[in-house]
Amino acid sequence: MKSPVLPACALAVSLVLAGCGASSSDGGATGAPTSSTTSSAAPTPTSASPTASASSSPAPSITTIPDSDLPQIDGFEYVSDGIDDDALLKQMGGASDDDPRMEGAVVRAIAADGEVGGVITMLRAERDFTATEARNAAIDAAAGFAMLKRADKATVSGETVWKTTRKGAPPLYAMAWAYGDSVYLLATASAKDTKTVMAAVILALSS
């Protein structure tokens, strides 16, 4: 599903990380959960196009997802991301032909021991994704974050995720995973932290 919402959220994630002064250290996030992860084989590049579909239909109504709906991750808390929810929803109000339509979104910074270490975006559709839609939504989220047309496949805690790296100083790492009616995009300045926290997200949602 090629939705303009996904790249818009990806841009918001980048702005939040920049504003939070994310560290480029790969030493692991302070207080990172100890969830085990599954090592993946070499990532398989997969073509994906995050380009929005043209549509003349009215913009869908997208609302803010309450923080209580975010996965509760041991050792982490959600903190102010510095981006006004209403401004973000206005930015994301583009129309899309794709089905299912996105109906909710939230972007929050993640902190461990009071120190911000990343950002999570949760996007909710009007119904559960099919297997193909879930794959495409996660690819779009990861590729859109890095402003690319492709994402790499990886395995975290036995689940397929899609990852990209957004070049810059420091580079930012992202992983996206779709589950049920939602897609989760996680971004940090450390590849290790991104995988560790994504494993905790998967555990929280799957248990």
Check which residues have an amide H placed less than 5 Å from Val156's amide H, if you skip close sequence neighbours.
Val161
Would you grab the residues whose amide H sits under 5 Å from the one on Glu103? Only those 5+ places off in sequence or on another chain, please, with H modelled 1.01 Å from N.
Arg124, Ala125, Glu126
Skipping prolines and chain starts, which residues have an amide H placed within reach, meaning under 5 Å, of the one on Ala151, given they are 5 or more residues away or on another chain?
Thr46, Ala48
With θ set to phi - 60°, apply the Karplus curve 6.51 cos²θ - 1.76 cosθ + 1.60 along the range 169-186 and write out the HN-Hα couplings as whole Hz, x wherever there is a Gly or Pro.
10, x, x, 10, 10, 9, 9, 10, 8, 9, 8, x, 9, 10, 10, 10, 10, 10
Apply the Karplus parameterisation 6.51 cos²θ - 1.76 cosθ + 1.60, with θ equal to phi minus 60°, to every residue of the range 101-108 and state each ³J(HN,Hα) to the nearest whole Hz, in sequence, with x for glycine and proline.
6, 6, 10, x, 7, 7, 10, 9
Given a 1.4 Å probe, the accessible area of the range 99-207 per residue, as a whole number of Å², is 37
For the range 72-77, what does the Karplus curve 6.51 cos²θ - 1.76 cosθ + 1.60, with θ = phi - 60°, yield as ³J(HN,Hα) per residue in whole Hz, taken in order and with x for Gly and Pro?
8, 9, 4, x, 10, 9
GluC sites (Glu not before Pro), restricted to the range 101-207: which are DSSP loop and have at most 14 other Cβ atoms within 10 Å?
Glu126
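The values are calculated or read from the model by the stated rules, or taken from the named source; none is laboratory data. The structure presented is a predicted model; accordingly, all values stated were derived computationally and were not measured. All Cβ positions, even for glycine, are placed from backbone atoms using ideal geometry, and neighbour counts span all protein chains on display. When the accessible area is computed, the model is the full protein with side chains, heavy atoms only, and any ligands, DNA or RNA have been set aside. Shrake-Rupley method; radii C 1.70, N 1.55, O 1.52, S 1.80 Å.
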